[in-house]
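Chemist: Quick one: the structure is below, questions incoming.
The values are calculated or read from the model by the stated rules, or taken from the named source; none is laboratory data. What you see is a predicted model; the values in this text were computed from it and never measured. Glycine gets a Cβ as well: all are built from the backbone with ideal geometry, and neighbour counts include every protein chain shown. Protein only, heavy atoms only, side chains kept; ligands, DNA and RNA dropped before computing areas. Shrake-Rupley method; radii C 1.70, N 1.55, O 1.52, S 1.80 Å.
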Amino acid sequence: MVDIQVTNLTKFFVIGENLLENLTFEIQEGECVAILGRNGCGKTTLFNILTGQMDYDSGEVYVNPNKKLGLISQIPRFPEGFTVEDVLRSAFAEILRVRQKMELLECEMANGATDTQLREYDALANRFQTGGGYEMDVEVDKICNGLGISAEQRVQEFASLSGGEKTRVNLARLLLEKTDILLLDEPTNHLDLNSVEWLEQYINAFKGTVLTISHDRYFIDQVADRVIEITEGHAEFYSGNYSFYMDEKQARFDLQLKQYEQEQAKLKQLGYTVERMKGWGINNRTLYRRAMSIQHRMERIRKTEKPKKERTMKASFGEKEFSGDIVFKMKNVSKSFGDRTLFSDVNLTVEGGERIALLGDNGTGKTTFIKCLLGDEDCAGKIQFGPTVKFGYLPQIIHFDHPERSLYDTMLYEKNCTPQTARDRLGAFLFQGEDVFKQVGNLSGGEQSRLRLCMLMDEKINLLILDEPTNHLDIASREWVEAAIEEFEGVLLFVSHDRYFIEKFAERIWLLEDGTIRDFPCGYQKYRSILEHEAAAKPVVTAAPKPKKEKPKGGTKDTDKLIRRLEREIEKQEALIAEFDKKIEAAAADYQELTRLLNEKEDAEAVLMDLMEQWDAAQE
């Protein structure tokens, strides 16, 4: 069954420049499909069209009307004073309305209930149960634990949260809504590693359809059944995850290039033959006709378009020579905010050439640790740098002192360079043409990161510190940053939740958790293996054993006695239940008494079932 079908979809914002042009694809029920493409290619626009938030210029869009669709790209507005818990519970709006009606009916029936009220209450109770009302609290707790939404955060006002925290809460709300079709726009951007891994498990177990925009290559590898890449407004299809997509895309490029080169060689050879025959055919009509025939054949040959290589940024970090072994030392370093200790008694030494990943859940203090190292935050203890160390820092949240300036003016003023140098450096980072006159404050998050990197790479540094360097970057930009870092020979210290990036660069890992930093002198895969081994070695807390049911102590005589005793108790219990039936019928008009009797009858039936199981075991 088709859940989403897009046929010849065209969308433009500027006449003559189509963002999406005759885009056609379909998504089958239960598929998980990743939408890839450069920033600005129209991925989020496509999602807004699918949800009806944006109109389109031509084509057809079909979304299964019998399925509930949820989108995570935009955060809806909630009433003033709404807490995180209120936002999460809004996913159960229909069930909560049913419960409210039940509570109103309970008040009305307190002094006596009519048959109509009892039937209505019974119908509401069935709706509440089948809608998952009794599992509501368990579901909310499970989703919050998975996405790292703490009990303290759940009582905060939603409006007071950061953008990343709001995104995470909104993702939790969407998952709780039990939608049939999930549209996820960069769902991993504000999640820590544990939350991303939990989300992967959730999506892999999800029975519905998932369409996700993501630049997280590891995430796509784990969840995607296939990939749709949007290129120049059109769709390219790949029937596998990200690794398959990369291999297949290169294979297609190589094949197209080979076909193009073979065609060009053939056309060149035929063209040479035609020219010679035309020359010879000045006095020979037969040769001239043959030359014209070959020329017509050349025109009929299918021309393969020359495959285009994506524009790449050409730049590298300027490097300052480092003399000495020790880059920096930390001795008994601690940081607290009031009663809360982020980390304490940190003792670490970093030597030349090391590549270190600082990992930990959101809120553990990774960015604060970096700021303490750079001297932007006060801390206890001692931090000592080598005498020739010069660092460059790319923060998680990019800030420019003059957002009203253009990119071109920013380079001129802040880097004190010539106009031509400014244009050359910006061009190397794919800021070309009129783009250089955009205001810095109007740039997207990815463009701001790219501009800050452009400014950073010009400096002579030997210690590079990056805080979430791949956030907001598309895959092509991430690969370029990785290529630049690979050439950097100084010390690299970075905070990241991009597992592809971590696995590629980390040779040493610092794990910040429970107020301490654990030092793992190894790469990411071995680090994961160590944590898994530690988790497996922890003692498993098992539930208390159920009380054993009474069994005969031995011998046929004892067994017969037990069977007869159990039969007598069963008869008594059945008589008791029959009495409850009479009392329930008599109390039909008394809601409170009726509720009490129903509960007691349920307990009596449970006792009867237990006696029957014991009788059955004794018979065996």
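Chemist: Considering every residue within the stretch 213-223, establish whether at least one is within 12 Å of the chain's Cα centre (by Cα) and part of a strand (DSSP E or B).
Modeler: yes
Chemist: Turning to a different aspect of this structure: I'd like the full set of residues that are more than 17 Å from ARG38 (Cα to Cα) and either assigned to a loop (DSSP other than H, G, I, E, B) or not charged (D, E, K, R) (or both), limited to the stretch 470-492.
Modeler: Scanning the stretch 470-492 gives ALA483, ALA484, ILE485, PHE488, GLU489, GLY490, VAL491, LEU492.
Chemist: Let me ask something additional. Within the stretch 425-445, track down each residue that is charged (D, E, K, R) and either over 19 Å from ASP401 (Cα atoms) or open to solvent by less than 20 Å² (accessible area, probe 1.4 Å) (or both).
Modeler: ARG425, GLU434, ASP435
Chemist: Something else now. Here is a list of conditions, (1) at pLDDT below 90; (2) in contact with a strand residue (DSSP E or B) (Cβ under 7 Å, 6 or more places away or on another chain); (3) closer than 26 Å to GLU200 by Cα; (4) loosely packed, with under 15 Cβ neighbours inside 10 Å, and LEU69 meets all of them except one; can you say which number that is?
Modeler: It is condition (4) that LEU69 fails.
Chemist: When the residues of the stretch 384-399 are filtered to those that are in a loop (DSSP other than H, G, I, E, B), in contact with a strand residue (DSSP E or B) (Cβ under 8 Å, 6 or more places away or on another chain) and open to solvent by 70 Å² or more (accessible area, probe 1.4 Å), which remaining residue is modelled with the highest pLDDT?
Modeler: Checked the stretch 384-399; the qualifying residue modelled with the highest pLDDT is LYS390.
Chemist: Which is at pLDDT 90 or above and over 24 Å from the mean Cα position of the chain (by Cα), of GLU31, GLU60, GLU106?
Modeler: Of the residues listed, the single one that is at pLDDT 90 or above and over 24 Å from the mean Cα position of the chain (by Cα) is GLU60.
Chemist: Got a sec? Which of ILE485, ILE530 is free of Cβ contacts under 8 Å to residues at least 24 places away in the same chain and among the β-branched types (Val, Ile, Thr)?
Modeler: Of ILE485, ILE530, the one residue that is free of Cβ contacts under 8 Å to residues at least 24 places away in the same chain and among the β-branched types (Val, Ile, Thr) is ILE530.
Chemist: Right, another one. Which members of the stretch 148-182 meet the condition of being assigned to a loop (DSSP other than H, G, I, E, B) and not hydrophobic (A, V, I, L, M, F, W, C)?
Modeler: Passing the criteria: GLY148, SER150, GLN156, SER162, GLU177, LYS178, THR179, ASP180.
Chemist: Mind counting the residues in the stretch 204-214 that are open to solvent by less than 10 Å² (accessible area, probe 1.4 Å) and under 26 Å from SER496 (Cα atoms)?
Modeler: 5
Chemist: Let me ask something else about it. State whether the residues of the stretch 183-200 include one that is over 24 Å from PHE501 (Cα atoms), assigned to a helix (DSSP H, G or I), touching a Ser or Thr at 6+ places or on another chain (Cβ under 8 Å) and touching a residue at least 24 places away in the same chain (Cβ under 8 Å).
Modeler: No: the stretch 183-200 contains no residue that is over 24 Å from PHE501 (Cα atoms), assigned to a helix (DSSP H, G or I), touching a Ser or Thr at 6+ places or on another chain (Cβ under 8 Å) and touching a residue at least 24 places away in the same chain (Cβ under 8 Å).
Chemist: Just one of the numbered conditions (1) under 26 Å from the mean Cα position of the chain (by Cα); (2) β-branched (Val, Ile, Thr); (3) open to solvent by less than 40 Å² (accessible area, probe 1.4 Å) is not true of THR10; which one?
Modeler: Of everything listed in (1) under 26 Å from the mean Cα position of the chain (by Cα); (2) β-branched (Val, Ile, Thr); (3) open to solvent by less than 40 Å² (accessible area, probe 1.4 Å), THR10 misses just condition (1).
Condition check ((1) modelled with pLDDT of 75 or more; (2) on the phi > 0 side of the Ramachandran plot; (3) assigned to a helix (DSSP H, G or I)) across all residues:
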position	(1), (2), (3)
ILE530	yes, no, yes
GLU534	yes, no, yes
THR542	no, no, no
PRO547	no, no, no
ASP558	no, no, yes
ILE584	no, no, yes
ALA589	no, no, no
ALA606	yes, no, yes
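Chemist: Going by the conditions given, is THR179 open to solvent by less than 10 Å² (accessible area, probe 1.4 Å), modelled with pLDDT under 90, over 30 Å from LEU358 (Cα atoms) and not hydrophobic (A, V, I, L, M, F, W, C)?
Modeler: Yes, satisfied.
Chemist: Can you tell me which condition ASN416 does not meet? The list is (1) surrounded by fewer than 16 Cβ atoms within 10 Å (Cβ to Cβ); (2) in contact (Cβ under 8 Å) with a residue 24 or more places away in the chain, and all the others hold.
Modeler: (2)
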